[in-house]
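For reference, the structure discussed in these notes is given below.
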Amino acid sequence: MKTTVTQRRSILIALLVFACSMSFAAKTPVKNPKNQATKGTTQLQGANDHALFTHTYTLGKTAPINVTVDRAEYTVDQVSIDNGMFLTNRDQKFLMLHYTLHNPNRSDYGLAWSTLEIFGVDANNQNLRYVANVALEGTGAKCYMSLKPGQKVQLYTLIMMPAKGALPKLVIQSRDRLVLRYNLQEKDAKGKYLNPVKALPEPIADPADPTGATALETVPGQIGESYPLRDFDVKVDEVSFSDAPIMGKAPKPGERRFVAILTAKNGCTGDRSLAWNIFKPRLIDQDGSDVRWNESALFASKDEAVRGNLGPGQEMRVRYYYDVPADLALRSFTIQQAATGRVYAYDLSSLK
């Protein structure tokens with residue numbers, strides 16, 4: 001049966017419409033369900049600022065890997081990666097990133113610290129690179145392994161940043177320079193952060209910063225609470241005035257003795273030495289003037305100079321003392337490790 005010109009035109013138009021519809025369908029991206037962990041999840045390009053925590057994305061084309069940012073937090077704690085310690089000074093803090101990698105390929109996938117490039121972008125649009133080290137959750141061992149097809153692993157790493165202010169953006173980049181961008185300041189219609197970063201704990205967090213992202217350089221310490229200095233966690237157990245002899249000597253007439261007892265705990269994975277000069281104590285009077293320290297640190301219950309090595313998690317009790325005029329009122333006692341360390345200050349205004 002012969003077709004007319006009109007019929008041929010109708011068939012041609014129908015074929016063109018069908019071809020266009022198939023082309024459009026092929027280019028429509030597959031929506032990414034929450035926590036989907038298979039290859040084919042949404043591939044975010046460099047201009048996309050809307051990656052979300054707890055959502056899974058396939059990152060990379062030549063060597064794709066599925067990435068899920070599980071959570072993030074600000075911290076000034078000691079952090080161990082492969083038995084190496086990462087510590088903060090008083091003008092620093094960490095953004096600690098916890099994330100999961102999943103191998104969506106049919107072959108093994110080698111992982112190392114350099115598999116992904118991770119960095120923050122600060123308010124001045126400057127990049128803050130991660131510490132170039134990644135650890136396995138639970139063990140702290142360095143990430144150097146091979147993922148079997150379908151296998152997952154949970155990891156953590158750190159971004160060192162200034163003590164003051166929140167980090168606006170987080171970027172994760174594959175080796176072929178495709179990226180996931182996480183906006184850490186974007187909120188939903190109810191005012192909740194889409195990618196919430198856990199705030200610093202009290203009293204380390206500056207109460208003047210509502211985000212909880214600013215770490216105080218001088219922290220108002222509480223008696224009986226433990227805080228991270230640098231290598232050590234320190235707890236001031238008690239402060240008091242005493243007339244009891246120390247090193248065989250009682251206070252002189254018209255003087256009394258201020259005594260501070262603290263517990264120092266090794267917060268690192270290796271041994272740490274403790275001696276009289278590891279910590280820097282300061283006693284400040286009501287006028288803001290320093291009371292001279294005798295550069296002595298004794299064991300809490302015996303008149304012997306503190307000395308020795310502490311293994312991981314081990315503790316030692318230390319005693320500091322000052323001879324002061326009996327009528328001198330005191331303002332505060334402070335403790336820090338090293339000149340660059342965070343300072344913890346204890347109010348003595350009510351001590352009688």
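How far is helix 5-27 tilted, in degrees, relative to the longest principal axis of the Cα atoms in the chain, given as a value from 0 to 90 rounded to the nearest 10?
That helix lies at roughly 10 degrees to the long axis.
With every protein chain in place, what's the accessible area of Met247 (1.4 Å probe, Å², nearest 10)?
Around 100 Å² of this residue is reachable by solvent.
Ignoring ligands, DNA and RNA, what percent of the 1.4 Å accessible area of the chain is carbon and sulfur?
Working: 9710 of 18790 Å².
Carbon and sulfur atoms account for 52 percent of the accessible area of the chain.
Determine the dipole magnitude for the chain: charges of +1 sit on the beta-carbon of Lys and Arg, -1 on that of Asp and Glu, nothing else is charged, the reference point is the Cα centre, and the result goes in debye to the nearest 20. Walk me through the intermediate numbers first.
On the way: 43 positive and 35 negative charges, 470 e Å.
The calculated dipole for the chain is roughly 2260 debye.
Given that just one value was derived from the coordinates, which of (i) 17.5; (ii) 26.2; (iii) 19.2 is mean projected area of the Cα convex hull in nm²?
The value matching this structure is (ii).
Would you mind working out the magnitude of the charge dipole of region 220-352 relative to its Cα centre, with +1 at each Lys and Arg C-beta and -1 at each Asp and Glu C-beta, to the nearest 20 Debye? Each step should come with its number before you reach the end.
Values: 18 positive and 18 negative charges, 37 e Å.
Approximately 180 debye in magnitude.
Tally the DSSP beta bridges in the chain and give the antiparallel ones as a percent, rounded to 5. Numbers along the way, then the final one.
Numbers: 95 of 99 bridges.
Here the share of antiparallel DSSP bridges comes out near 95 percent.
Given +1 on the Cβ of Lys and Arg, -1 on the Cβ of Asp and Glu, and no further charges, what dipole in debye does region 64-210 carry about its Cα centre, rounded to the nearest 20?
Computed charge dipole of region 64-210: roughly 400 debye.
Which whole-number value in Å² is the accessible area per residue of the chain, probe 1.4 Å? Each step should come with its number before you reach the end.
Working: 18790 Å² over 352 residues.
Ligands and nucleic acids excluded, the result is 53 Å² per residue.
Could you check which residue among Tyr193, Tyr182, Tyr57 shows the biggest mean-square fluctuation in a GNM of the chain with a 10 Å Cα cutoff?
Tyr193
Would you kindly find the accessible area of Thr269, with a 1.4 Å probe and non-protein molecules such as ligands, DNA and RNA excluded, rounding to the nearest 10 Å²?
Here the accessible area works out near 60 Å².
Given only helices, namely DSSP H runs of n ≥ 4 each adding -39500 (n - 2.57), what is the per-residue ellipticity at 222 nm of the chain, to the nearest 500 deg cm²/dmol? Walk me through the numbers before you get to the answer.
Details: 1 runs with 23 residues, N = 352.
Rounded to the nearest 500, it is -2500 deg cm²/dmol.
What does the accessible area of Tyr156 come to, in Å² to the nearest 10, when a probe of 1.4 Å is used?
20
Given Lys142/Lys164; Lys235/Lys265; Lys93/Lys164; Lys93/Lys235, which pairs have Cα atoms separated by over 18 Å?
Details: Lys142/Lys164 29 Å; Lys235/Lys265 8 Å; Lys93/Lys164 8 Å; Lys93/Lys235 20 Å.
The pairs that break the limit, which is 18 Å between Cα atoms, are Lys142/Lys164; Lys93/Lys235.
Using amide H atoms built in the peptide plane, which far-off residues or other-chain residues are under 5 Å from Lys198 H to H?
The answer is Ala72, Glu73, Tyr74.
Taking the chain as a Gaussian network, Cα atoms linked when under 10 Å apart, which of Leu167, Leu178, Leu59 shows the biggest mean-square fluctuation?
Leu178
What list of ³J(HN,Hα) couplings, whole Hz, do you get for region 289-295 from phi and the Karplus terms 6.51, -1.76, 1.60, once you set θ to phi - 60° and write x for glycine and proline?
My calculation for region 289-295 gives 8, 6, 8, 4, 8, 7, 6 Hz in order.
Check Lys169: other-chain or 5+ apart residues with amide H under 5 Å from its amide H, H built from backbone geometry?
Sorted by chain and number, the residues that satisfy this are Val121, Leu184.
Using only the Cα atoms of region 179-221, each taken as one equal point scatterer with no solvent, compute I(q) by the Debye sum, divide by I(0), and report log10 of the ratio at q = 0.23, 0.34 Å⁻¹.
-0.80, -1.15
What are the ³J(HN,Hα) couplings of region 53-63, residue after residue, when phi is run through the Karplus curve with 6.51, -1.76, 1.60 and θ = phi - 60°? Round to Hz, x for glycine and proline.
4, 6, 9, 9, 10, 7, 10, x, 10, 6, 9
So what are the ³J(HN,Hα) numbers for region 324-330, from phi and the Karplus equation (6.51, -1.76, 1.60; θ = phi - 60°), rounded to whole Hz, Gly and Pro as x?
10, x, 4, 9, 7, 7, 10
The values are calculated or read from the model by the stated rules, or taken from the named source; none is laboratory data. The structure displayed is predicted, hence computed values, not measured ones. Heads up, the Cβs are rebuilt from the backbone with ideal geometry, glycines too, and the neighbour counts pull from every protein chain shown. Protein only, heavy atoms only, side chains kept; ligands, DNA and RNA dropped before computing areas. Shrake-Rupley method; radii C 1.70, N 1.55, O 1.52, S 1.80 Å.
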